[in-house]
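Step one of this worksheet: look at the structure below.
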Amino acid sequence: MTIMDRMQTLLGDRAPGHSLPQALYADPAVLDFDIQAIFNRHWLQAGLEIEIPKAGDYITMTVGQSPIVILRNEQGGISAFFNSCRHRGAQICTEERGHANRLVCPYHQWTYDLHGQLLRAGRMQESFDPKDYRLRPARIECVAGVIFVCLSEAAPDFAPIRAGIEPLLGPHDLRNGKLAYTATLVERANWKLVMENARECYHCRARHLQLMHSFRDFSTQDIYQEPEPWLIDFWARCAARGLKNGPVRGKDFEAGRFALADGVVSITIDGKSAVTKKLGAVGDGDVGTMWWAVQPNCFNHAVGDYTFLFQAMPTGPQETVVTAKWIVNKDAVEGVDYDLARLIEVWNSTNNEDRWLAENNQRGINSIAYVPGPYSEITEARVLRFVDWYCDASRAFIAEQRGQQPVHAFARARAAP
Ligand code: FES
Ligand SMILES: [Fe+2]
């Protein structure tokens, strides 16, 4: 049975509203499929414009087996390229981040400019034309200072994602921020378990004691379905400051703003700001949290004094690397305007708690006793949207490979007797 046939069977076996069959969380062949169908095809949050402020600055990432480099050119533009040399394929930029006016392959020193054009290739034959050997570009989009890349030329339309997120995130002014801290976690769990965990707060009250100092306990309700007076009042206060609230939702993303707990202005251990110099048009910082999530790999929170990014990347069938980033005002000085340990404390603890939960989830799923269970319609609607998105994107990929029309989860549910 080919992986396409197997995936079709596994996706067909999934009961609507339920978690996925075991193999979809555990099987090496499924991860290969996920890389092809999801990570090589969809928009991935990759980092921040402020990480590459000057021409020649670059950051790298690896999607599946494909190294990617994202860099700024002399004109100030930002590009993404496949980080594989056009000679014999060696990886060109090998560091996580760096600076180079020219990209020089470490193998035979083929040299590329910041637009991916091959400038020099020593001792090649007369018939060789460097113009034929540009670095292969990846798609790239920047939204309010956040960089997204897509490895596929047939990238999904980015316009709805931009239209949804930019008005909410723009006033947080990430282009005038600085990266205060990066944390990397290796989680021994399938990437879908990491993202499912990140799409619900059903577990927050029991497992995130620090985070729940700041968050209202809305783990038993979907706050947007029937907004309560506290949320309506909060939205009115933010709107008076010129801030958009959402919620907005599209096929591939969600975003919105909600109020933190009473008297709380930031996601910190005591609910007070961690940074005295605020970032963006946020007044005294009492702007709740503006969160956004783009399928498949991220969730993020912008509070009044800092922004927190969470990006996940599968590195094995049961291994996921999570990168967390904290952004503060570029003029904020560590030790003067903020204490780094205080800034990162709550999300660092939360990430470690979530790592344990995802790994523990994986251990239970690996059991011969595992059968998919029902998501709560009250507290796990966002998890269900993620999982349905995954199933639909997977079916669409299979159908495309076979030249057929995809059958989506909603149509299947309606068609069921
Ligand atoms: S592989 Fe890059 S120069 Fe040879
Ligand atoms: Fe969590």
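We did not get these values from a lab; they are worked out from the coordinates using the rules stated. Since the structure is predicted, the reported quantities are computational estimates derived from the model, not experimental observations. Here the Cβ is made from the backbone with ideal geometry for all residues, glycine too, and neighbour counts use every protein chain on show.
Between the range 289-345 and the range 31-86, the C-alpha centres lie 18 angstrom from each other. Proximity of backbone amide H atoms, modeled 1.01 Å from N, is registered between ALA138 and ALA80, PHE81, PHE82 at under 5 Å, excluding neighbours fewer than 5 places apart on the same chain.
Between GLY170, SER84, THR62, the Cα set farthest toward the positive side of the dipole of the chain (charges on each charged residue's Cβ, about the Cα centre) is that of SER84.
Under the rule of -39500 (n - 2.57) per DSSP H run of 4 or more residues, summed and divided by the residues of the chain, what mean residue ellipticity at 222 nm is obtained, to the nearest 500 deg cm²/dmol?
-8500 deg cm²/dmol
3J(HN,Hα) along the range 251-261: 4, 10, 7, 8, 7, x, 10, 9, 6, 7, 4 Hz, from the Karplus curve 6.51 cos²θ - 1.76 cosθ + 1.60 with θ = phi - 60°, whole Hz, x for Gly and Pro. Protection proxy ranking for 192-200, 47-55, using the average of other Cβ atoms within 10 Å per residue and placing the highest first: 192-200, 47-55. For ILE147, the residues 5 or more places off, or on other chains, whose built amide H falls under 5 Å of its own are ALA46, GLY47, LEU48, GLU49.
Straight Cα distances below 13 angstrom link LYS278 to the aspartates and glutamates ASP173, ASP286, ASP305, ASP331, ASP337, with same-chain residues fewer than 8 positions distant left out.
Under 8 Å for C-alpha pairs, at least 6 residues apart: give me the relative contact order for the chain, rounded to a whole percent. Once normalised by length, the contact order is 19 percent. Here the residues LEU114, LEU343, ranked from fewest to most Cβ neighbours within 10 Å of their Cβ, fall in the order LEU114, LEU343.
Computed on the range 44-150, with alpha-carbon pairs under 8 angstrom and 6+ residues apart, the relative contact order is 27 percent. Residue by residue, the range 232-241 carries 3J(HN,Hα) couplings of 5, 4, 5, 4, 5, 4, 5, 4, 5, 8 Hz when phi is fed to the Karplus relation 6.51 cos²θ - 1.76 cosθ + 1.60 (θ = phi - 60°); x denotes Gly or Pro.
Remark on the range 44-150: hydrodynamic radius 13.9 angstrom, per the Kirkwood mean of 1/r across alpha carbon pairs. Cβ crowding within 10 Å ranks LYS244, LYS131, LYS278 as LYS131, LYS244, LYS278, fewest other Cβ atoms first. How much net charge surrounds LEU119 when only the other residues with a Cβ under 14 Å from the Cβ of LEU119 are counted, with Lys and Arg +1 and Asp and Glu -1? Around LEU119, the charge tally is +1. Here the 3J(HN,Hα) profile of the range 360-368, calculated from phi with Karplus coefficients 6.51, -1.76 and 1.60 at θ = phi - 60°, is 5, 4, 4, 4, x, 5, 5, 5, 5 Hz, Gly and Pro shown as x.
Bridging of LYS272 to lysines at a Cα separation below 25 Å is possible for LYS178, LYS244, LYS325, LYS330, once same-chain residues fewer than 8 apart are set aside.
Work through the residues other than VAL30 whose Cβ is under 11 Å from its Cβ and net out their charges, Lys, Arg +1 and Asp, Glu -1.
Details: positive: ARG6, LYS192; negative: ASP27, ASP32, ASP34.
Net local charge, VAL30 excluded: -1.
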